[in-house]
Amino acid sequence: MAATVSLHVPSVGIAVRSAATTEPAWVRRTLIGLALAFLTLFLFVPLATVFYEALKKGVDVYLNALIEPDALSAIKLTLIAAGIAVPANLVFGVAAAWAIAKFEFRGKSLLITLIDLPCAGSPVIAGLIYVLIFGAQGWCGPWLQAHDVKIVFAVPGIVLATIFVTFPFVARELIPLMQAQGSDEEEAAIVLGASGWQTLWRVTLPNVKWGLLYGVILCNARAMGEFGAVSVVSGHIRGMTNTLPLHVEILYNEYAFAAAFAVASILALLALVTLAAKTFVEWHYGHERQAAKQESSA
Amino acid sequence: MSSTRTLLLSRHSVLPGFGLALGYTLLYLSLIVLIPLSATFVKAATLGWESFWQIVTAPRVVASLRLTFGASLVAATLNAVFGLLVAWVLARYEFCGKKLIDAFVDLPFALPTAVAGIALTALYAGNGLIGSLLEPQGIKVAFTPIGITVALTFIGLPFVVRTVQPVLEDLEAELEEAAACLGANRLQTFGRVVLPAVAPALLTGFALAFARAVGEYGSVVFIAGNMPMVSEIAPLLIITKLEQYDYAGATAIAVVMLIIAFVLLLAINVLQWWAGRRNAEDN
């Protein structure tokens, strides 16, 4: 019986483990206890602290911190930055995955490595590079000043830095998924007379929708929460160039702790929503990947 | 279009859109990433070798780099040990609330770093929940290098768990049964059978956590105290130099960090290739 079960389920279920391949109950309990203690100390207590500190001074202080004009403009700017960065990187992710997964060409692995670059360095460097190019002493600085265009220490700089740090998120999910799926279905569509765009819309995108959504969720969470890169290019002008994470920093540095944690609690809620959405999508995405794997090995 | 196709494609394909997709990919990659990144190297090159060397060997810079890499190494090691433990518990045992805990492991990916930073500072400061327990024992965490390590451990937590967990789940029970039949006890089986099988994944997770910790800024600045020579990390020093309009100095440190990041990225790719080959051999 156990043998037939393990034939169908690739990961070995706990139930089929015999006494020889598991640990005595007291070892199991100690290990579970240690792991839970570590996670409690490093995950759950810090998360609970955010909400505790936010509500410590009462609900009035909490709500006032959220509806204050500077907080509202920070929310608006965060939504603008994510609203531009996520679609931009989504289009790029689909284009890059189409080129890389559906065609064989020279320099492909170099291209894949280059796409991962923005996540390899420090986010601070992401901010620095745009200051070097668009800042007053930068390459384009004099020209921009002459034409009265502001990029650094203004909204465009924040959007650019956000795009940079979230650059690979969608591409990174789509490339391996589309590579595993192969291009048989697309070739069939083309042979049957569909145009390239029809094939993309009707065949490719429906096949990768969960992977795409997964990438978008991760991309959005990072875009709304980014701090280091945005901090360099923002200039911290209240009500103008402050995103939510930067607003948290300003309030905290002014010792307005309750307000800082109130704003932080919105971001923490966003993180919880992200985790829930991610867990839900992961379930479908797992099936999509599994199907692709079986197809490519068949 | 057709000329780029024949020039670049090493295998013919009936699918359209190669020129458009690759062209857009390269254009976007160049505009957002490659040209801006090259700006740092061009700027550093204008410095000349001697002044570059002078900047990056200044005592304050060396101290910040040593702190950044030292704290990251300790944090990544802590994550390797506890990450393996968490991955093992999640992959092997059943307990109440396991699904929820599994989902929460990714919290450091989802929680903005500034939020993590102020939460950890509030906890570990002298009047905080944990700080008030530790400070009477003479252990100061917030505003010291220990605090930096705590923050870096938090943000690196998911990497080891997420790389090791799938390998542990896929590990065939037959291997461990064979070890048991041959007379190994559980500890020997773990050391000689399980650990070598998860070693590439464990190392990859360690390298990912380390690379993330080296560049981290948001969660650290609040808890660090940011004293030059003592608790000032390299990314913060870049920002400090930028705020003083010392663009050359900031760029020099950035270049050092970028080169190290490239090396780490390369090492991670090699490790993943090694792990992938291991898995392919097993199947």
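The values are calculated or read from the model by the stated rules, or taken from the named source; none is laboratory data. Every value quoted in this text rests on a predicted model; they were computed, and no experiment measured them. Positions of Cβ are backbone-derived with ideal geometry, glycine not excepted, and every protein chain shown enters the neighbour counts. We work out accessible area using only protein heavy atoms, side chains counted, and drop any ligands, DNA or RNA first. Shrake-Rupley method; radii C 1.70, N 1.55, O 1.52, S 1.80 Å.
Observations on the structure shown:
- Within region A:24-40, tally of residues that are surrounded by fewer than 17 Cβ atoms within 10 Å (Cβ to Cβ), of a type outside the set (Gly, Ala, Ser) and assigned to a helix (DSSP H, G or I): 8
- Within region B:126-135, tally of residues that are open to solvent by 10 Å² or more (accessible area, probe 1.4 Å) and either of a type in the set (Val, Ile, Thr) or within 22 Å of A:VAL248 (Cβ to Cβ) (or both): 4
- Which listed residue, of A:VAL91, A:VAL124, is among the aliphatic types (A, V, I, L, M) and either more than 24 Å from the chain's Cα centre (by Cα) or surrounded by 17 or more Cβ atoms within 10 Å (Cβ to Cβ) (or both): A:VAL124
- Screening A:GLY196 on (1) under 20 Å from A:GLN290 (Cα atoms); (2) surrounded by fewer than 23 Cβ atoms within 10 Å (Cβ to Cβ) shows it passes everything except condition (1).
- Any chance A:GLU185 is open to solvent by 40 Å² or more (accessible area, probe 1.4 Å) and more than 8 Å from chain B (Cβ to nearest Cβ): yes
- Qualifying residue in region B:170-179 (condition: assigned to a loop (DSSP other than H, G, I, E, B) and within 8 Å of chain A (Cβ to nearest Cβ)): yes
- Residue that is farthest from A:ILE217 (Cα to Cα), among those in region A:267-283 that are more than 9 Å from chain B (Cβ to nearest Cβ) and open to solvent by less than 50 Å² (accessible area, probe 1.4 Å): A:VAL281
- In region B:83-140, the residues that are of a type in the set (Lys, Arg) and assigned to a helix (DSSP H, G or I): B:ARG92, B:LYS98, B:LYS99
- Residue in region B:63-70 that is in contact (Cβ under 8 Å) with a residue 40 or more places away in the chain, in contact with a Ser or Thr (Cβ under 8 Å, 6 or more places away or on another chain), assigned to a helix (DSSP H, G or I) and closer than 30 Å to B:VAL150 by Cα present: yes
- Test: residue in region B:75-89 that is open to solvent by less than 40 Å² (accessible area, probe 1.4 Å), assigned by TED's automatic domain parsing to the domain that holds B:ILE260 and either closer than 30 Å to A:LEU90 by Cα or free of Cβ contacts under 8 Å to residues at least 40 places away in the same chain (or both): yes
- Exclusive hit being facing chain A (nearest Cβ under 9 Å), under 19 Å from A:ALA35 (Cβ atoms), touching a helix residue (DSSP H, G or I) at 6+ places or on another chain (Cβ under 8 Å) and surrounded by 19 or more Cβ atoms within 10 Å (Cβ to Cβ), set B:LEU111, B:LEU123, B:LEU107: B:LEU107
- Apart from one condition, B:ALA201 fits all of (1) of a type outside the set (Val, Ile, Thr); (2) crowded, with 24+ Cβ neighbours inside 10 Å; (3) closer than 28 Å to B:SER64 by Cα; the exception is (3).
Yes or no, residue by residue, for (1) open to solvent by 50 Å² or more (accessible area, probe 1.4 Å); (2) more than 7 Å from chain B (Cβ to nearest Cβ); (3) modelled with pLDDT under 95:
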| site | (1), (2), (3) |
| --- | --- |
| A:THR21 | no, no, yes |
| A:PHE42 | no, no, yes |
| A:ASN64 | yes, yes, yes |
| A:ALA74 | no, yes, yes |
| A:LEU79 | yes, yes, no |
| A:ALA82 | no, yes, no |
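- In region A:98-107 there is no residue matching the filter, namely being open to solvent by less than 20 Å² (accessible area, probe 1.4 Å), within 18 Å of the chain's Cα centre (by Cα) and more than 20 Å from A:TYR214 (Cα to Cα).
- Filter pass, B:LEU20 being more than 30 Å from A:ILE175 (Cβ to Cβ), facing chain A (nearest Cβ under 9 Å), among the aliphatic types (A, V, I, L, M) and in a helix (DSSP H, G or I): no
- Selection of region A:108-139 for residues being at the interface with chain B (Cβ under 8 Å from one of its Cβ atoms) and closer than 21 Å to B:HIS12 by Cα yields only A:LEU111.
- Of the listed requirements (1) over 14 Å from the mean Cα position of the chain (by Cα); (2) buried (at least 17 other Cβ atoms within 10 Å of the Cβ); (3) hydroxyl-bearing (Ser, Thr, Tyr), B:TYR245 misses just one: (2).
- The residue pairs whose first member lies in region B:232-246 and is touching a residue at least 24 places away in the same chain (Cβ under 8 Å), whose second member is of a type in the set (Ser, Thr, Tyr) and in a helix (DSSP H, G or I), and whose beta carbons are closer than 7 Å, counting only pairs six or more residues apart or on different chains, are B:GLU232/B:SER64; B:ILE233/B:SER64; B:ILE233/B:THR68; B:ALA234/B:SER64; B:ALA234/B:THR68; B:LEU237/B:SER64.
- Region A:173-197, residues that are touching a helix residue (DSSP H, G or I) at 6+ places or on another chain (Cβ under 7 Å) and in a helix (DSSP H, G or I): A:GLU173, A:LEU174, A:ILE175, A:LEU177, A:MET178, A:GLN179, A:ALA180, A:GLN181, A:GLU185, A:GLU186, A:ALA189, A:ILE190
- Residue within region B:122-139 that is under 29 Å from the mean Cα position of the chain (by Cα) and in contact (Cβ under 8 Å) with a residue 60 or more places away in the chain present: yes
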